[in-house]
Every structure is written in structure tokens, then in C-alpha cells.
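Structure first, then comments.
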4 protein chains.
Amino acid sequence: MERRTDLALEAKELFGEEIKGVSLEEENKEDIKITRLKIKNKQASHKLNKEMGTYITMEFPPLTDYFREADDKLKAVAEEIKRLLPVNGLVMVAGLGNPEITPDALGPKCADKILATRHIKGDVAKATGLGHLRPVAVVSTGVTGKTGIETGEYLLSIIKKIKPNAIIAVDALASRRLSRLGCTLQISNTGISPGAGVGNNRTKLTADTLGVPVIGIGVPTVVEASTMALDLFDTDDEEFSHQLRERVNPKGRQMVVTPKEVDLLINRAAELIALSVNCALHPDLSVGDLLSLIY
Amino acid sequence: MERRTDLALEAKELFGEEIKGVSLEEENKEDIKITRLKIKNKQASHKLNKEMGTYITMEFPPLTDYFREADDKLKAVAEEIKRLLPVNGLVMVAGLGNPEITPDALGPKCADKILATRHIKGDVAKATGLGHLRPVAVVSTGVTGKTGIETGEYLLSIIKKIKPNAIIAVDALASRRLSRLGCTLQISNTGISPGAGVGNNRTKLTADTLGVPVIGIGVPTVVEASTMALDLFDTDDEEFSHQLRERVNPKGRQMVVTPKEVDLLINRAAELIALSVNCALHPDLSVGDLLSLIY
Amino acid sequence: MERRTDLALEAKELFGEEIKGVSLEEENKEDIKITRLKIKNKQASHKLNKEMGTYITMEFPPLTDYFREADDKLKAVAEEIKRLLPVNGLVMVAGLGNPEITPDALGPKCADKILATRHIKGDVAKATGLGHLRPVAVVSTGVTGKTGIETGEYLLSIIKKIKPNAIIAVDALASRRLSRLGCTLQISNTGISPGAGVGNNRTKLTADTLGVPVIGIGVPTVVEASTMALDLFDTDDEEFSHQLRERVNPKGRQMVVTPKEVDLLINRAAELIALSVNCALHPDLSVGDLLSLIY
Amino acid sequence: MERRTDLALEAKELFGEEIKGVSLEEENKEDIKITRLKIKNKQASHKLNKEMGTYITMEFPPLTDYFREADDKLKAVAEEIKRLLPVNGLVMVAGLGNPEITPDALGPKCADKILATRHIKGDVAKATGLGHLRPVAVVSTGVTGKTGIETGEYLLSIIKKIKPNAIIAVDALASRRLSRLGCTLQISNTGISPGAGVGNNRTKLTADTLGVPVIGIGVPTVVEASTMALDLFDTDDEEFSHQLRERVNPKGRQMVVTPKEVDLLINRAAELIALSVNCALHPDLSVGDLLSLIY
């Protein structure tokens, strides 16, 4: 029985043994643990069931901490995002997921707080003094069940029109551990994979399918019930683990859960990502300036 | 001094005298007053500052009435919409406006309750039994200030991809009379005009610019302050009217107001339009079926 | 290791053996399974850790079903509530829980849709024609962390002032089974017990502490992580069960989870309870009348 | 014809001539204009139709400004509030108004962001380190139409139980000028008067009726339509003014309007008041500390 996770770091952890073609670097910045994992070849990609590329995992202290004031954290995240971004040109930020399903609302909540600047030209530029900012467009794609349009189709049609240099796609993820929800951030240059996320988009959103680099940013907000149950009994006792896998109620596979505090978790994660992305896109603006432009 | 209105009926009313090339038909259905106004030539279009085409105005009793139960009303509205729709093929419903500004949220609130069916194929069609329904796609365009993308550009890019036979664009409108807000519905085959609506889109959304027929549906939710003030002192005394126009504080032109009860007004109008559009698109489904599919 | 549940039916189930002083009656009404459990003496109350009294459990088909149209279900629930209510006099409906925490928002969301009538006197009674309705007051107590006031203190102070004949307290509950969330309803004449509910009020809300009969109505919306894990491996193998209890990660006790679809679940349960309570309090009004009075 | 206003400053302005028993002091602090108006005797109170007492009006630059960052503004407001508060003892903050009607939601939105501390004792005090803070309780009374309980009754019953030293009542107000909405703050030691506010409470909330000092804090969010119309044509020409009053459509008296941007206006005003009240109650905490405790 497989344990579902959208975090490359957890996929490696679950695989257990060393894998050729996977490199791992760890760093601690204040109270954030940063892991840079690279999947370098097809075999490794196949073993971990993750696209080839770079996955940066940032583990924060749990929810209790307040993000808004933590300029250092924003800057640490912004720095990682900036490294994956092209130096200039239009960036399109896409919030994926269903705004009406709280654990899936990370993308749209985040998109609501991204500063759009692509339209600031001519008179608007003069009036606002924002004419010099990097051009940014923002879309919330909604979900196929509500729009009748696949997320990939949706993005592709806007991309053809506005021709961004890169896309930042923000989505809620699934983790194998309850304790990671809301306080782990994954940033990757591999886009978003099918089956990933809370809403289970069926289309791959990658440079291959969309024609431009896609930076995927996500925070796990859900766990599959059976994955969580196995995690709670975590053990080195091979035989017991085997017994567990045998006995788990198969219905647990389809049930997906989120912590009771999901509203808080989503609000904070959306704000952390939105502010970090804004900082990465407009390094000249202070956090204070950004806050007053967004709210 | 001009009085701003997005209702063709009010534009005619304000013009006063007869206009060649404008026809008007009135009908009463239960407690709804229906007016069908046609602007037939360019001169008339220029005089009224409205596109050539058909404008159906439905005047309902004020807010006090409860829409949901009123199946007759839904059906009366659905019938008018159906007459303007192509007989078959994909229809795209577009909710225009800013969901965070209550009086401008009519479009997105309405879009949230439109049944999307374009994606219901294969397994989904079998599982849901909805495979036979007319294909419908739904988008909420947001506003340029939040997306960096003009509404026209946004719609055009999706249209190129999914190729609908017609578009239904839902938007909040401005009226000249406070008493009309929330209880007058305008349906037209002329799309949405620049400067119309609460958010003042700059692009024309018509068959000309979008390449497909555009049915515009709107409910007035705001009045310009000075327009409202002149309306409150309405008089046949030419001299007094002239005095009023002279003395009005020019700042009033830029101030736009909405009734205190705007939340109620928007919720009810969005539900009336959404249910009517759903009925017009899927005439085989009962209101009860539609409600259980949407909620 | 104990498994936490607020449902008396589950407490009995978990206890296993027969208990003297507990009676159980089952009935099927259409697709609802109704169980009437009575705890008749102190020993039984102690064994099950539930107050003496009557607990009616109504098990509905899962979420997929749409409540609003289901007048039969509303009436079945209303009938159970009516049996526990005094025949006449003021009833106070109290929504418990935190409106900002989705899985805890059942009480306040429900209270928002209860028809308040206590103030309808004199002119208002004439104008609305509602003067003949049973007097009802509605409060949302909020949570101690946000008000600084214990729920018991809060209710007691209002009770002293308005002197209701009975209280209906609505709260979100914890279950031992994920599959019960959102589709099981418990109605009891024993009020709300300390430690029950999602927010874990510390005060007992019973006839003893509040001085008036308290009808508790709840729907489970959360499961403790470890309780859920044990449930997923459910087994008759005593030894394996024992092993499980030994090995469970103690942190799982403090983690509480809710299904990904919690928003949908809460909205539907709140509407079902609100409409049922309204029906029980005003048996002369039809569901259609109630809907038009509430929205 | 009377023009309705809840601002004492505007009442005086409208009265025109000097009134014995009314004193007025003006001060400018940065870009805030502060006016301290005292109504000292019954005759003056009767003429202005306002309770005897002190009314502090703070006029801010319009909406365009961002409140959160403006620590100076918060402190200026906090200082005025602090002067009217008793030096120590429990303070109860009451948010008045209907959270579902945006222009009336100032009170409840503000209450949501007040730090409640009354319950922080024993273990909680140790765990949070907040045991030394001034005790504060927070209630949102809702509106009579939704609760069946008059606001005065509601407050009185809680007051009897928790015995505060003072009450701070926050409510949305009506102004005579559209330009004042959202950017004028009135703080008074006279409580809230009948007929004031957006929701038109019928009970007086004053030291007389509640038995404790009541500090009223409000921001105008609505204007009566006819009052606004007269304001737009404002003139010294006595005859024209008289004509206007004669001709105004009497229906305008019952219609109450709010600016299109009401959501923004309410959010910002609620945050300004909440942060200022928190600062006034806990002068030892920094704005940063307060933000991290509230969110």
C-alpha cells in the first residue's frame, strides 16, 4: 500500500534507501530548515514518482508562530523563489484550487494578495508612481467542476494571449504527516504534477505542457486518512508495519482529512506565500509598501 | 449635466422626446413589467448612447419579495434569455466584476451558481447521469486592477480556446433611480458597453470585439450621487431643474452610492439570474433539480 | 487508551458488553436510521461517561444527498425535537462554537438561520402578520478565547433576563468514525457536557447548571487523529488491538481532524438543523414560508 | 425638513448659530483634525438633539490612506479613548450592528479583533504570559431582528453578570455628508442614542440605562438619501434652500445609501478602531505584539 505525498522530500524519505541521481543539501536559517533536493535523472524520477528538477523544502516552526511580522522569513522564502525566476519579463501568478473548499483555497487566497502590475501604464503609471515595477498578471483558475474547463486549458489560453516569461503556480498539497500541514513549504522548478494537490487536477502543469517555465509553490494542507494512520503507528518493526498495511480499511484510501484549525492554517500560509512572491517580484519595495498596496 | 445610466429604458426616458428608430413594447406578466426596447439605427444609437440591438427590461416588485420560491419569475426570465440564445452548442457564462466590492460582485456571485457541464464526458457523464446536458463553461474574469488583464483580453483568450457559440456576460449596472436598484433586470443582445457597470470596464464586450454573440444580463446596484440627487427633486419646472443642474456640487459626479441593504440585494439578484440562466440552458431540468446540482 | 466520542451511541458501541440501565430502540424512516438510547441510572451514566437521559441518533445517507429539498427529512428531525420541547413558552436557541473555525461553526451558522420572534409585538406583529408565532430568541455565544466569557456564564446571564422555558443548544461534536461526520445527528434532553464539542467548553450546559431544560443538538464534524487511526484498523483480534493501542504516537491524541469537504458538510448540517428547529417551533408554517422568512 | 446625523459636530454645524452651553476646541495632529465639542447643559442638548457630554471628532484624510502602518494615527486615537476610560478594572467592548449588512458591520467586525483577556487566569495566564493584562470582555450583540432581544436588554444581562467598570460600544453611524463616510471617527462619553446608527436601535445605551460609563465609538458609513441630496446642492441662498426642502421626494427620507466602496471602508475603519481600543486598553503592548495576538 502506497502512502500519498506531494512533497519530494517525503517521497525520498518513504523510499528509504539511497537513490542514484538524487542529491540533497540541508541548511538552517534561523528557525527554518531548508532542504534542497535535486532529482537528476529519469530513473530517480521514476522511483520517487516526481518530475526531474529542484525541490526546495522549507520547514517552519508550527502554526503558533505569527508570519506577518516575520520579515526574515518572508525574505528567506522570497530569496528561494527569486533564484528560480527569470531575471525580467512578465510573470503570471496562478492560484489553483477551489475557493469554496477551505483546505483547497490556498491558491485563490494567495492570488487575491498578489500585486498585479501588468496594466499599469500611461496615466495609471503616472498617477500611482508604480510604472517602474516588473509586469505581473494574476489569475485564479477555479476548478474544472465549477468552470467546465481543465486547469491546463485555462492557463494555456491566457498564456497564449499575454505571453509571460514564467508562471508561478500556487496550490494546496497532500503530505504524509499531519505534523507538516501548514508549516512546510515546497518550491520547485518542475511545476505541478497530475494527481497532486487537494483537488487532484488531471493535467500536468509544466514547462512541457505550458511552454514556459513553471515554478510550483505549495503547502500541504491535507493527509489521506490511511496514510495518516500508518504515520501515527510509525515503527521500525517490519512485521508490524506489514500487518498494519494488510489490515487497513480500504475506504481510508479515499478519505482525506485536514486539521480542525484549517482556516487559520490556510490564511497564514496564503499570506506568507503572497508576501514572499511579491517580495521576489519587486525586490525594491519594502514589506510595508507591499502591505499598503495589497490591502 | 448628464445623468449616468446603463439601462437603455432610462436613457430613452431621460431623452424625453420620441426617437425615430426606437421601438418599445410593454407587457405585464403577473407582477413583472416587461419592456422590450429596440434600437434600430445608428442615429438612435447615438442619441441614446447605447448599442443597436434589443434591450429587455424586467421590473420586479421591490426587494421584500423572496425570489427563490418564485418559480414563475425564474421561468419568465429564463424565457427571455432563451429567445436570445442560439439553439444549441457551447455557451460560456462570464461573471464580470470584483467579488470583494459588494455592489460589484453580482457577476462573480452569479457565476458561482451556474452549472458547468462542458467537462462532463465519459466516466463523469456515466457516474452523474448528466452527459446529455448542453455544454456550459463558466468563468469569473476578476477586474483589471487585481489581475493585470483587461476583461476583454481575458475573455478573448478563453474564447479562442474553447470556442463557445455564445457568451452570457453578467455584470452589475448603474441606474439613475435609487428605487430601481436590485429589482430591475436588463437583458440585451448587445453585450456590455465600455463605461457601463460598477467597475467601469474600458473594453467593449460585444459580438464585434469577441467574435461571438454576447448576451448581457445586468441588475443596477449603484447610482451616481449627483444623478440620484437630481432624481430626488424630479420636477417638470424647467427653470428649477436648470437651477439644480447649475448648483450641484461637481464632486457628486465621482461619488457612486448603493443602498444600505446592498448585501441582500446582490445575493437575491445573483440567485435570480443564476437560476434563470440555468433554466434557460437546461430547460429539461426542474428548479429543484438545478438547486440540488448547484448547492 | 480511550477513544473520544460525543455520541452516546458510539460510547455504548465502544463499551461493548450489555449495560444495565441502558435501553435501545431502533427505527427506520425512509433512508434514516433512528436510534433512541436511554441512560436510566447513575452506574450506566458513569460507565458510558454520558449524562442520564435520552439520546436520539439519526443516521442519514452520506453527504452526497441534498438536504434542502428533502422535506421528509426535515419533518422527521423536527418531530424528534418537538417531542423534547415544552408545549409552549419562550424557547432560546443558542449557537455554540467559533464562527471563524469552520469545523466549529455549526452552532453559529445554524443560529443565523433561526427565525427570531420574541420581539414581534405591537406594530411589528401587525405589519408582518407574525404576531401569533411562538416566541423564540437566538444567541451565538462565541468562544471564551474571543469573548473572555465562559459559555455557561454567557447563557446564564441572558436566561436570567429573558426567562426561556427551554434552551436548544447547537454544537459541533466529535465522533470516533470518519464515516459519521456530517451525516449523523444527535438530539438529547441532557444538554451539552464538558469536554464535548469541537471547542471543548469547560462548563456543563444542563438543566442543573442553567435552570431550564436544555435540548442538545449536534452533528459530529471532527475525529481525534488517534481515534480515527484505531478505527481504520478495526479488528476483533484482541492482541492486535492491544498492540495498536501500545504503539500509537501519543501526539495523535491532541491532533483533531476533519474531512477535506468540511465547508460543504457544515453548511448542509447547519441548514438541516436550522430548518428542523424552525419547523419544530412553528409547526403551522410550511418549509417554503420558513425559507422566505429566513433568507 | 430635518437632516439626519449622528455626529454632534454636524448637528452643531447644521444648527448654524452660536449655542450657549456648547464649547468647541480644535487641534491638528499631523494630518488628523481633532475637534472636542462639549454639550454642557440641557438646553444645548435639546437644541442639538444630542446627549450632554463630550464628543471628540477625528477627521482623517480619505480612504486612500492605509491605516495599518500608521502607528501614529492609532496612538492618536488610543490617547483620546484612554482619557475617557477608568484607570483600571474590567472593560467590556460591545460590537453593535448586523454582521450580514456590510454598512452595519462595523461593530461586529471590530469586536472580532479586540483582544479578550478576562478569562486569562491560572494555567492560561502562565502558558500565555498574558496574566498581567487588563481584563477585557468582548460581545457582539447582533440585532433585534435576528436575536429577538433588544440591544439594551442584551448588554444589561451580561453587565449584571460580569460587572464591568466601563463599556466601549462600537457602532456604524449616519452622517449628513457623503465625504465624511469612512474617514471621520466620533468618540464620546455619552454612549449610543436611540435612533442613532445604521440599524436604528431603539434603546438608549448610556450610563443611565446600563449603570456603567459608556464610551461610544463610531464611524459614519451611511447617509440618508434626501440629506445627501440637500448636501450636494449646499448653498447660502436661503430661498433656494427652502425650495429644495419643499420639493424633495419624501421617499428619499427612508432610503439610506452607502458608498460603492463600503467593504473597504468598513474593513479599514474596523481595524483602526480595534487596534486603537486594544492600544488604549493595553498601553504596554506594541502594535506588533497586538497584531500577533489578534490574528
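Restricting attention to the range B:262-295, the residues being more than 24 Å from B:GLU80 (Cα to Cα) and in contact with a helix residue (DSSP H, G or I) (Cβ under 9 Å, 6 or more places away or on another chain) number 3. Of the helices (runs of 4 or more DSSP H) entirely within the range A:83-160, those holding at least 2 residues that are buried (at least 19 other Cβ atoms within 10 Å of the Cβ) and of a type outside the set (Ser, Thr, Tyr) occupy A:106-111. Just one of (1) of a type outside the set (Lys, Arg); (2) in contact with a Gly (Cβ under 6 Å, 6 or more places away or on another chain); (3) farther than 23 Å from A:LYS204 by Cα fails for A:ASN28. It is (2).
Of all residues in the range B:33-45, none are at positive phi, in contact with a Gly (Cβ under 6 Å, 6 or more places away or on another chain) and either in a loop (DSSP other than H, G, I, E, B) or of a type in the set (D, E, K, R) (or both). Residue count for the range B:225-236 under the criterion of being farther than 26 Å from D:LYS260 by Cβ and at pLDDT 85 or above: the result is 0.
Filtering the range A:1-28 to residues that are under 25 Å from A:MET228 (Cα atoms), in a loop (DSSP other than H, G, I, E, B) and out of contact with any Lys or Arg (no Cβ under 6 Å at 6 or more places or on another chain) leaves A:GLU2, A:ARG4, A:ASP6, A:LEU7, A:GLY16, A:GLU17, A:GLU18. The combined condition, being modelled with pLDDT of 95 or more and not basic (Lys, Arg), is not fulfilled by B:THR64.
Among the residues of the range A:96-114, not a single one is β-branched (Val, Ile, Thr) and over 20 Å from the mean Cα position of the chain (by Cα). I'm checking my understanding of the structure. Among residues of the range A:254-295 that are of a type in the set (Ser, Thr, Tyr) and under 21 Å from A:ASN88 (Cα atoms), which one is farthest from the other protein chains (Cβ to nearest Cβ)? Top of the filtered list is A:SER276. Exactly one residue out of D:ILE158, D:ILE162, D:ILE192 is among the β-branched types (Val, Ile, Thr), in contact (Cβ under 8 Å) with a residue 24 or more places away in the chain and more than 19 Å from D:THR144 (Cα to Cα), and it is D:ILE162. Just name the residue that is nearest to the other protein chains (Cβ to nearest Cβ) out of those in the range B:124-139 that are of a type in the set (Gly, Ala, Ser) and in contact with a helix residue (DSSP H, G or I) (Cβ under 6 Å, 6 or more places away or on another chain). Here the residue is B:ALA137. Checking each residue in the range C:237-253 for being surrounded by fewer than 16 Cβ atoms within 10 Å (Cβ to Cβ), within 30 Å of the chain's Cα centre (by Cα) and modelled with pLDDT of 75 or more picks out only C:ARG245. For A:ILE120, indicate whether it is touching a residue at least 12 places away in the same chain (Cβ under 8 Å) and aliphatic (A, V, I, L, M). The answer is yes for A:ILE120.
Of the residues B:LEU48, B:LEU14, the single one that is more than 27 Å from B:LYS73 (Cα to Cα) and in contact (Cβ under 8 Å) with a residue 60 or more places away in the chain is B:LEU14.
Residue by residue, here is whether (1) under 28 Å from A:VAL257 (Cβ atoms); (2) in contact with a helix residue (DSSP H, G or I) (Cβ under 8 Å, 6 or more places away or on another chain) holds:
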site: C:HIS119; (1), (2): no, yes
site: C:GLY122; (1), (2): no, no
site: C:THR141; (1), (2): yes, yes
site: C:LYS160; (1), (2): no, yes
site: C:LEU205; (1), (2): no, yes
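Within the range C:165-186, if we keep just the residues that are under 28 Å from D:ILE158 (Cα atoms) and surrounded by fewer than 23 Cβ atoms within 10 Å (Cβ to Cβ), the residue that is farthest from the chain's Cα centre (by Cα) turns out to be C:ASN165. For A:GLY107, the conditions (1) farther than 21 Å from B:SER157 by Cβ; (2) more than 11 Å from chain B (Cβ to nearest Cβ) all hold with the exception of (1).
Being within 14 Å of another protein chain (Cβ to nearest Cβ) and closer than 17 Å to C:CYS279 by Cβ holds for only one residue in C:ILE81, C:ILE101, C:ILE114, C:ILE56, and it is C:ILE114.
D:ILE149 meets all of the listed conditions (1) in contact (Cβ under 8 Å) with a residue 24 or more places away in the chain; (2) among the β-branched types (Val, Ile, Thr); (3) farther than 20 Å from B:LYS260 by Cα but one, namely (1). Each residue in the range D:215-231 was checked for being surrounded by fewer than 24 Cβ atoms within 10 Å (Cβ to Cβ) and facing another protein chain (nearest Cβ under 7 Å), and 0 of them qualify. Counting only residues that are over 13 Å from C:ILE217 (Cα atoms) and within 14 Å of another protein chain (Cβ to nearest Cβ), the range C:184-200 holds 3 of them.
The values are calculated or read from the model by the stated rules, or taken from the named source; none is laboratory data. Predicted, not measured: the structure shown is a model, and the values here were computed from it. Every residue, glycine among them, receives a Cβ derived from its backbone with ideal geometry; neighbour counts consider all protein chains shown.
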